[in-house]
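The values are calculated or read from the model by the stated rules, or taken from the named source; none is laboratory data. It should be emphasised that the depicted structure is a prediction, and the values quoted were computed from it without experimental measurement. So basically every Cβ, Gly included, is an ideal-geometry build from the backbone, and we count neighbours across all protein chains shown. With ligands, DNA and RNA removed, areas are computed over all heavy atoms of the protein, side chains included. Shrake-Rupley method; radii C 1.70, N 1.55, O 1.52, S 1.80 Å.
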There are 2 protein chains.
Amino acid sequence: MFDFRIQSSEGLARAGTLTLPHGEVSTPAFMPVGTHAVVRGLSASDVRRTGAQIILGNTYHLHLRPGEEVIQQMGGLHRFTTWDRPMLTDSGGFQVFSLQGLRSIGEHGVEFQSHIDGTSRTLTPERAMEIQWQLGADIAMAFDHVVPGQSSPAAACEGMERTLRWLDRCKARHAELVNGRTDGPADGESLAQLGSPVRLSACPPVHQTLWPILQGGIHDELRLRSLEGTLDRGPWTGIAIGGLSVGEPKPVMHRILEHLESHLPREIPRYLMGVGFPADLLEGIARGVDLFDCVAATRNGRHGTAWLPTGRVNVRGAALKGSTGPLDPTCDCETCTTYPRGYLRHLFVVEDMLGLRLISIHNIRFLVRLGEQARAHILNGTFDGWSREWLGRHYARGD
Amino acid sequence: MFDFRIQSSEGLARAGTLTLPHGEVSTPAFMPVGTHAVVRGLSASDVRRTGAQIILGNTYHLHLRPGEEVIQQMGGLHRFTTWDRPMLTDSGGFQVFSLQGLRSIGEHGVEFQSHIDGTSRTLTPERAMEIQWQLGADIAMAFDHVVPGQSSPAAACEGMERTLRWLDRCKARHAELVNGRTDGPADGESLAQLGSPVRLSACPPVHQTLWPILQGGIHDELRLRSLEGTLDRGPWTGIAIGGLSVGEPKPVMHRILEHLESHLPREIPRYLMGVGFPADLLEGIARGVDLFDCVAATRNGRHGTAWLPTGRVNVRGAALKGSTGPLDPTCDCETCTTYPRGYLRHLFVVEDMLGLRLISIHNIRFLVRLGEQARAHILNGTFDGWSREWLGRHYARGD
């Protein structure tokens, strides 16, 4: 459980297999985002057919609706969603720090107002662990202090250091949850003494690991201190890089990844959070990243932007009118193998939600397949040439 | 082709098989409505999995978007939508007569303004035939003059008599299209001389039959004259009853159906247009109707109202919160066999379009299955008792 094996590597790029309670994940891999316990507009079987191996849920959104107690009562996030494969939950840190003006931050945690009903809520490292335990995903993420992409060294340092202090608290509470489950009293009285509302006996069987999140903004030295502090608190079964793709230029993100790479432990998976677009995946893989997530695939899909090997296309465009060809002749997704692209255009013109769904399916498949292709090339030792050529065409188009 | 065989009947209820170019339809049957060449929000495979055997498209909407030329160029409505089974297109009569204030009616046809771009358009009996030929469904409907449900005898008579005169023109133009295809010059020069824009050589292979529509409002004598006039213009492979379920009380609709029934030819299918809700299906079948269509299944689905054997339920309701049971334990649809109803509720609460789709799938399956159940009971000779009991429970609930 929580095992990671590297089958092959080429340069910094790695092809591995991550074993989780709900199945294996072949890496590099893109994870579709199911913020509200649903990948926007898609059924679990739609997502399965894209080849996605693992999906994300979000602590912030699921805490507000339907509430972790409801999901726990229904047997956990897997049974709630009918997604029976690996799942990861984000801690809610990124979301509560994005609630400008609606939140106050202290060492204890973050007080915020629900964007749904305005009620006052508190998220702390401990609560983030408890909620994620009740949700029951395979991987829980640490509760981190996220700072804007262009923060000063002082602000970035403050967020990074607090993230490390919070990591101690996350680790302690997660261990209490794990131990209560495996060694302790079934009903976790010790947790109640700690003020936790979690009743372990009500939890579905959970086998969950905790991954830390690196912070430090765009400052190499802070990033390195974040990594050192995080590894000091280990061992970990995986590690995430947070606070990137939040407004900084792409070359800065690439520099940070390169700077971190030689210091990252080789034997655990590396997850670059909130990334990305197709080129970002290849750039990340080339710098040793194993896992990615991003809403861009579904968000673009809903807006009618499809990703093709030849560049982006607006599905509403007149060029597709009356066309019987597939959206992407090289793609094996349900959308491209079933529907003429003139019909896809029509669905957007008449504003039928089937269109949003079909383009989201294609875009997710596009990223999942990019991960599969990268993996095959790494295993063949041809990743470097292939990805350079792919990116060369991509940048030549100015995408 | 266009053959109808009755396997069994019980009272007025009939179980038959309608053979169409794209397959067979076991009757009684409910036809989901795909107004814009899509059953709102559902893929063709979603619809197939509901057990639906035949779906509808609409001349008015498809003429406006994407236009019949586009669909013809793409190989017809079947290839456009990827629905490879029987299909029927409505003539647009009902839609243009619903455009209050935006249309002017004359003996020639109806001038109307597009509700999309305000452009002026004309729909005549001939154009309605040509457009439907270009769309290429198995069954085309005659262009009829629809009057409001509570129209005076004079208004209903005018609409009914015009519908008969228009039926002559529909029949003539449809025959020209059929003959041009099968006997005439491939490019149908005769049609061009008639002012038709249709180029037969550009049409996908079409095997299409034309069904007339009865009018006459709620006036028995007019209904009978409509039927007599229609049969005089036959023979037909099927016959539709239009102008019902447009505001008149249900007992009035039932009386009209009963009044017509003994005069309707037994050997062709009867299609009650725009009907209905679950009880309407059973009431119609008991009065000798074979085919139904209605948007209520998908419209209710989108609004979160699910039809259950125990009555309607609002999926947003708090009663479903946290429930792990299926929406309808007796239902075999994808929604009921896959998802806990607490998850369906959650999808509506977070306003994810997957919820609309899953309830639409259930509601369509509910009507399709009601047709299948009625058929099985007719074949067994148990329809009368079963449907009385079903309707008794239904009316006792006040649904």
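Among the conditions (1) away from chain B (no Cβ under 11 Å); (2) under 30 Å from A:His303 (Cα atoms); (3) open to solvent by less than 20 Å² (accessible area, probe 1.4 Å); (4) in contact with a strand residue (DSSP E or B) (Cβ under 9 Å, 6 or more places away or on another chain), the only one that A:Leu20 does not satisfy is (2). Counting only residues that are over 14 Å from A:Leu281 (Cα atoms) and among the aliphatic types (A, V, I, L, M), region A:381-399 holds 1 of them.
Just to check your reading of the model, which residue among A:Gln215, A:Gln208 is within 30 Å of B:Gly322 (Cα to Cα), surrounded by 14 or more Cβ atoms within 10 Å (Cβ to Cβ) and modelled with pLDDT of 95 or more? Write out each step before concluding.
Values: A:Gln215 fails: within 30 Å of B:Gly322 (Cα to Cα).
It is A:Gln208.
When each of A:Arg40, A:Arg49, A:Arg5 is tested for being farther than 22 Å from A:Gly304 by Cα and open to solvent by 30 Å² or more (accessible area, probe 1.4 Å), the lone residue that passes is A:Arg5. Could you grab me the full set of residues in region B:239-252 that are more than 13 Å from the chain's Cα centre (by Cα) and part of a loop (DSSP other than H, G, I, E, B)? Those that are more than 13 Å from the chain's Cα centre (by Cα) and part of a loop (DSSP other than H, G, I, E, B): B:Val246, B:Gly247, B:Glu248, B:Pro249. Answer yes or no: is there a residue in region A:62-75 that is surrounded by 22 or more Cβ atoms within 10 Å (Cβ to Cβ) and either closer than 26 Å to A:Leu367 by Cα or among the charged types (D, E, K, R) (or both). Yes, there is a match, as at least one residue in region A:62-75 is surrounded by 22 or more Cβ atoms within 10 Å (Cβ to Cβ) and either closer than 26 Å to A:Leu367 by Cα or among the charged types (D, E, K, R) (or both).
Taken over region A:333-348, the criterion of being facing chain B (nearest Cβ under 9 Å) and crowded, with 19+ Cβ neighbours inside 10 Å is satisfied by A:Tyr339, A:Pro340, A:Gly342, A:Tyr343, A:Arg345, A:His346, A:Leu347. Summed over region A:374-390, residues that are closer than 13 Å to A:Ser8 by Cα and assigned to a helix (DSSP H, G or I) total 8.
So is A:Phe94 aromatic (Phe, Trp, Tyr) and either open to solvent by less than 60 Å² (accessible area, probe 1.4 Å) or modelled with pLDDT of 95 or more (or both) or not? Spelling it out, it is not the case that A:Phe94 is aromatic (Phe, Trp, Tyr) and either open to solvent by less than 60 Å² (accessible area, probe 1.4 Å) or modelled with pLDDT of 95 or more (or both).
If you go through region A:62-79 and keep only what is of a type in the set (Gly, Ala, Ser), more than 7 Å from chain B (Cβ to nearest Cβ) and touching a residue at least 24 places away in the same chain (Cβ under 8 Å), you end up with just A:Gly76. When residues in region B:245-271 are screened for being modelled with pLDDT under 95 and closer than 21 Å to B:Leu88 by Cβ, 2 of them pass. Filtered by the rule that a residue be part of a loop (DSSP other than H, G, I, E, B), crowded, with 17+ Cβ neighbours inside 10 Å and not charged (D, E, K, R), region A:296-332 gives A:Gly304, A:Val315, A:Gly322, A:Ser323, A:Pro326, A:Leu327, A:Cys331.
Of all the numbered requirements in (1) without any contact (Cβ under 8 Å) to a residue 12 or more places away in the chain; (2) more than 14 Å from every other protein chain (Cβ to nearest Cβ), B:Trp390 misses one, and that requirement is (1). The number of residues in region A:27-43 that are farther than 19 Å from A:Pro204 by Cα and within 8 Å of chain B (Cβ to nearest Cβ) comes to 6. If the condition is being in contact with a strand residue (DSSP E or B) (Cβ under 9 Å, 6 or more places away or on another chain), among the small types (Gly, Ala, Ser) and under 25 Å from A:Gly355 (Cα atoms), then region A:23-63 contributes A:Gly34, A:Ala37, A:Ala44, A:Ala52, A:Gly57.
Consider region B:349-373 and keep the residues that are β-branched (Val, Ile, Thr) and in a helix (DSSP H, G or I). The one that is nearest to the other protein chains (Cβ to nearest Cβ) is B:Val349. Please verify whether B:Thr82 is closer than 12 Å to B:Gly136 by Cα and either surrounded by fewer than 18 Cβ atoms within 10 Å (Cβ to Cβ) or in contact with a Ser or Thr (Cβ under 7 Å, 6 or more places away or on another chain) (or both), treating the condition exactly as stated. It is false that B:Thr82 is closer than 12 Å to B:Gly136 by Cα and either surrounded by fewer than 18 Cβ atoms within 10 Å (Cβ to Cβ) or in contact with a Ser or Thr (Cβ under 7 Å, 6 or more places away or on another chain) (or both).
Going by what's in this entry, would B:Val198 be described as crowded, with 18+ Cβ neighbours inside 10 Å, touching a Phe, Trp or Tyr at 6+ places or on another chain (Cβ under 7 Å), within 27 Å of B:Val289 (Cβ to Cβ) and among the hydrophobic types (A, V, I, L, M, F, W, C)?
no
All but one of (1) open to solvent by less than 30 Å² (accessible area, probe 1.4 Å); (2) over 21 Å from A:Pro205 (Cβ atoms); (3) free of Cβ contacts under 8 Å to residues at least 40 places away in the same chain hold for A:Ile55; which doesn't? The one condition A:Ile55 does not meet is (2). Residue count for region A:77-122, restricted to those that are in contact with a Lys or Arg (Cβ under 7 Å, 6 or more places away or on another chain) and assigned to a strand (DSSP E or B): 3. For the criterion of being basic (Lys, Arg) and within 18 Å of A:Arg369 (Cα to Cα), A:Arg312 passes.
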